[in-house]
Amino acid sequence: MSYIITFKSEADMPDTTVSLGTTLYNKTGTWRYMRPVYRNKTSPCNYACPAGEDIVNYLQMVVRGEYEQARQRILEENPLIGVCGRVCPHPCESECNRAELGGAIAIHAMERFLADLPGKHELPRAEKTAPRGAKVAIIGSGPAGLSCAYQLARRGYKVTIFEALPVIGGMLRVGIPAYRLPRDVLDREIAAIQSLGVAIRTGLRLGENLKFEDLRDYQAVLLAVGQHRSRKLNVPGEGAQGVLPGLEFLRRINLGEKVEIGPKVAVIGGGNTAMDAARSALRLGAKTVMVLYRRSRYEMPAIDEEIEETEQEGVRIEYLTAPVEVLTTDGRVAGLECVRMRLGEPDERGRRRPEPIFGSNYTLSVETVIPALGQEADLSFLDEAVRKAAGLIVIDEAAATSRHGVFASGDAATGAGTVAHAIGSGKRAALAIDRLLNGQTLAGFPALNEHVHVAARNVDPTIVRFEDINPAYFTPEPRTAQSQRPAAERVKDFREVNLGFTESEALREAQRCFSCGTCNQCDTCWLYCPDVCIQRREHDSYEFNYDYCKGCGVCAEECPRGAINMEEELKWRK
Amino acid sequence: MEKVIMGNHAVSYGVQLARAQVIAAYPITPQTQVVEILSEFCANGTLKATFIKVESEHSAMAAVVGASIAGARAFTATSSHGLALMHEVLHWASGGRLPIVMANVNRALGPGWNVWTEQTDSLAQRDTGWMQFYCETNQEALDMVLQGFKIAETVLLPVMLVLDAFVLSHTEEPVDVPDQETVDRFLPPYEARYKLQPGDPRSFYGLVAPEHWMELRYKMQKAMEEAVAVTQQVGAEFGQVFGRAYDVVEKYRMDDADLALVTSGSIVGTSREVVDELRDKGQKVGLLKIRMFRPFPVAAVREALAGVKKAAVVDRNISYGVGGIFAAELKSALYGTPHQPTVFPFIIGLGGRDVTPQSIRDIVAYAQEHDAPAEEIIWMEVKR
């Protein structure tokens, strides 16, 4: 009975204030001037992922034990999850709000855990959008090319990848050592893409034994040739025998060639290639390996874990030093003259510029010098029709080059230098090609420094930061580390260093996730609502009953993860 | 079965026999043993009750209020500062019409820390809507627990039974502890009219607008008025079952008395001795024991004092700015009646100072020697 009870006399009344009916007649929602709304927001990890993965949601799927759904959620955006789970520098983790309470979620290890689950490893198909007979050529079988091929093939396109090298995978195969990325993982993920009907033809290098005219039958072409040329040292003696440019060194090892190195090796540079080269040199039998870097540890671009693992294996890293000359005897490396550096004023990118200290030269006795100072693309095969600038192919937001129907992605177009960026970039090109071949506009793609998603995300673009998390609901819990083979053991071969998560470790790590901005049905709002006006529907979503919600805001205030907004009522707006 | 037990334990046995279902309390000298032994009863299963440990007396009262709303027979005990801390929740118990029984061991309030007896702590709660009963002996304390639940559950107001610190609380006396069957016959289980239960959801103690508020307070006053007769009836029934009848007041050798000693609590026992002694000497002195303080038994007091020339009220308490509280209540009750006795308001024994037979003799002598009190408050045994 929901109406106001008015008593005529005290005799009709109960002895005390007890409800005899309900207060449903009293629609307290009319008191409200602020309205709570469920609105998921963008987690910092999702925002940061260059491959555009829906990290926050797949972690919550892991919490619920929905491993296969979690894997499928990643595969929507990225077909190379076993690769990324191992070699991605994980910018997601750098943004992770959990860092404040025990360390960022080990997202890369979660991804690897899902990638390595037993199963058929089939890639999810998408709605067929390819026009009849639509064919696309992709130049380069690295992560950008593979990502683009995957996104097109799953939509029904006939895709052919042309690869210059005799092997498939680009930098994944010839740049990254097997102890970081085992070849069976790479083979498995490439095979899954091929099984969608993607043809891969190796040994065909555009501009040499393959001409642009040969691609006439293809309605679109993607240039994803990567950056495979090492930057030069530009010091005297660089041409001596025993100087092995980093990428060439790694490529030759990965192609199975015999590479001669001396017992004492100096690697020059501070990026991941330098680390890879140093650690590979150890595995080839070098007695001492040192890395020379002209700035300090703080400026070093390699991933922290990589640096730590490199040092664990016995590589000495010397900071603030730079080579001035490769000393030679009979055309062979005999030593390396270096000069000590100090950090001066910041450069245009904000990094402090290293300056030599006059008179601080010293000599190192080494037989092998591996410069790993970064890489560049060899774009000599391209004619004027495709515009280039600063050593990169110029593209617009739809990854289109200046030549109609020709797109470019990956390092050759972005210079970003990570697998995840290459995957995002290849996906962007695929979505653009799909539109072009369906006669749609190429406008409306996000800026090149933002990331594209295949699956639409109905979330607020606001990024949830640590200040938006309700700290009352979380305690510090330490980050879970993957187990590794002992350093003394692993330098003996090229087998994988990291051993991945067990299921219980993965679950524990996933449970540390704040689920930033993403409702995970924790029931907090439902429990706290003082007006009992939140309804829980089948435990997968909630609904406000605005007839009674007074707009007190307790739900939004309590929400551990910032998934409820308080919005001004329309009726109060002028 | 007769046992020699302290007043605190007499209360505990009463609670056990009453089959209280929820006990929540916070320890304070001189009350501690009341709940100490009850917690043992709960632990060893001789009392099937939930014992709730709390962090303060405010919470203790809140817990028994909750238990009582849920329909449980609930008990707590406290003293002095503990009772003061409960003050707010006392109103929730009475306004909620909850038949809670609480034992309060009278103790003076600080500062000037003092653990000894004085009635000011309980009397300061006289306007909270709780019934108040002052006990003379350990036996009466036990008996009052049993009657207290019965009275409370009849009129739906909480009962505070009061006993003196140490004089009763820690002093052992022979006490007849009745058997359970007899008690069960006297005190059936409590059935709440409305109670908090998941199957019949209700909200309690919501907002009441002015249009209904006064009616609820009117009903509380009516319940208080009814409580006098109910107490008399329950006391009489108690007498039939257990052989010890009680009334709201007790007249002792009041026949043809010219002078009545009027007092409460353990001072009554001392006064009985003095009255017997003076009667033996042929003096027309009687004693009126006030057992029930809230509601104040106006009719019984008027009837008892009709024809008495002088009433010497012995107060072990003070309302600062007025004086003895029983004296004030007595004057108020007598106002407008014909042939009112002259009231002599004595204050004595604050903070546990001994009240001896000689103290009572001195009080009687003062009243006999004066036609009227020489001052507004007659302070006894104050060094001034």
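List of remarks:
- Residue check for A:GLU505: part of a helix (DSSP H, G or I), surrounded by 15 or more Cβ atoms within 10 Å (Cβ to Cβ) and either at pLDDT 95 or above or among the aliphatic types (A, V, I, L, M) (or both): yes
Residue-wise test of (1) of a type in the set (Lys, Arg); (2) without any contact (Cβ under 8 Å) to a residue 12 or more places away in the chain.
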site: A:ASP378; (1), (2): no, no
site: A:ARG387; (1), (2): yes, no
site: A:GLY391; (1), (2): no, no
site: A:VAL419; (1), (2): no, no
site: A:GLY426; (1), (2): no, no
site: A:ILE433; (1), (2): no, no
site: A:GLN440; (1), (2): no, yes
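- The lone exception for B:ARG97 - which of (1) more than 14 Å from chain A (Cβ to nearest Cβ); (2) not in a helix (DSSP H, G or I) it fails: (1)
- The set of residues in the range A:533-543 that are in a strand (DSSP E or B), surrounded by fewer than 17 Cβ atoms within 10 Å (Cβ to Cβ) and in contact (Cβ under 8 Å) with a residue 12 or more places away in the chain comprises A:ARG536, A:SER541.
- When A:GLU111, A:GLU127, A:GLU122 are screened for being in contact with a helix residue (DSSP H, G or I) (Cβ under 6 Å, 6 or more places away or on another chain) and either in a loop (DSSP other than H, G, I, E, B) or in the same structural domain as A:LEU507 (by TED's automatic domain parsing) (or both), only A:GLU111 passes.
- Matching option when the condition is more than 14 Å from chain A (Cβ to nearest Cβ), among the acidic types (Asp, Glu) and free of Cβ contacts under 8 Å to residues at least 60 places away in the same chain, among B:ASP127, B:ASP179, B:ASP143, B:ASP184: B:ASP127
- Meets criteria (outside any loop (DSSP other than H, G, I, E, B), at pLDDT 95 or above and in contact with a Pro (Cβ under 8 Å, 6 or more places away or on another chain)) for B:SER39: no
- Residue match in the range B:203-210 (condition: more than 9 Å from chain A (Cβ to nearest Cβ) and either at pLDDT 95 or above or in a strand (DSSP E or B) (or both)): no
- Whether a residue is within 30 Å of A:ARG485 (Cβ to Cβ) and part of a strand (DSSP E or B) was assessed, and A:VAL324 does not pass this test.
- Matching entry among A:TYR546, A:TYR528 (being in contact with a Gly (Cβ under 6 Å, 6 or more places away or on another chain), surrounded by 14 or more Cβ atoms within 10 Å (Cβ to Cβ) and not acidic (Asp, Glu)): A:TYR546
- Test: residue in the range B:100-110 that is buried (at least 19 other Cβ atoms within 10 Å of the Cβ), in a helix (DSSP H, G or I), touching a residue at least 40 places away in the same chain (Cβ under 8 Å) and touching a helix residue (DSSP H, G or I) at 6+ places or on another chain (Cβ under 8 Å): no
- Only one entry in B:VAL301, B:VAL308, B:VAL322, B:VAL285 is within 19 Å of B:GLU136 (Cα to Cα) and either touching a residue at least 12 places away in the same chain (Cβ under 8 Å) or surrounded by fewer than 21 Cβ atoms within 10 Å (Cβ to Cβ) (or both), namely B:VAL301.
- Any hit, the range B:245-257, residues being small (Gly, Ala, Ser) and crowded, with 19+ Cβ neighbours inside 10 Å: yes
- Breaking point among (1) within 14 Å of chain A (Cβ to nearest Cβ); (2) in contact (Cβ under 8 Å) with a residue 12 or more places away in the chain; (3) out of contact with any Pro (no Cβ under 9 Å at 6 or more places or on another chain), for B:ALA192: (3)
- Unmet criterion (only one of (1) aliphatic (A, V, I, L, M); (2) more than 14 Å from every other protein chain (Cβ to nearest Cβ); (3) over 19 Å from B:GLY129 (Cα atoms)) for B:VAL159: (3)
- Residues of the range A:14-56 that are surrounded by 18 or more Cβ atoms within 10 Å (Cβ to Cβ), out of contact with any His (no Cβ under 9 Å at 6 or more places or on another chain), of a type in the set (Ser, Thr, Tyr) and more than 14 Å from chain B (Cβ to nearest Cβ): A:THR42, A:SER43.
- Search result, residues across the range B:213-250 that are within 14 Å of another protein chain (Cβ to nearest Cβ), touching a helix residue (DSSP H, G or I) at 6+ places or on another chain (Cβ under 9 Å) and not small (Gly, Ala, Ser): B:MET214, B:GLU215, B:LEU216, B:ARG217, B:TYR218, B:LYS219, B:MET220, B:LYS222, B:MET224, B:GLU226
The values are calculated or read from the model by the stated rules, or taken from the named source; none is laboratory data. This structure is a prediction, so every number in the text was calculated from the model and none was measured. Glycine also receives a Cβ, built like all others from the backbone with ideal geometry; neighbour counts cover every protein chain displayed.
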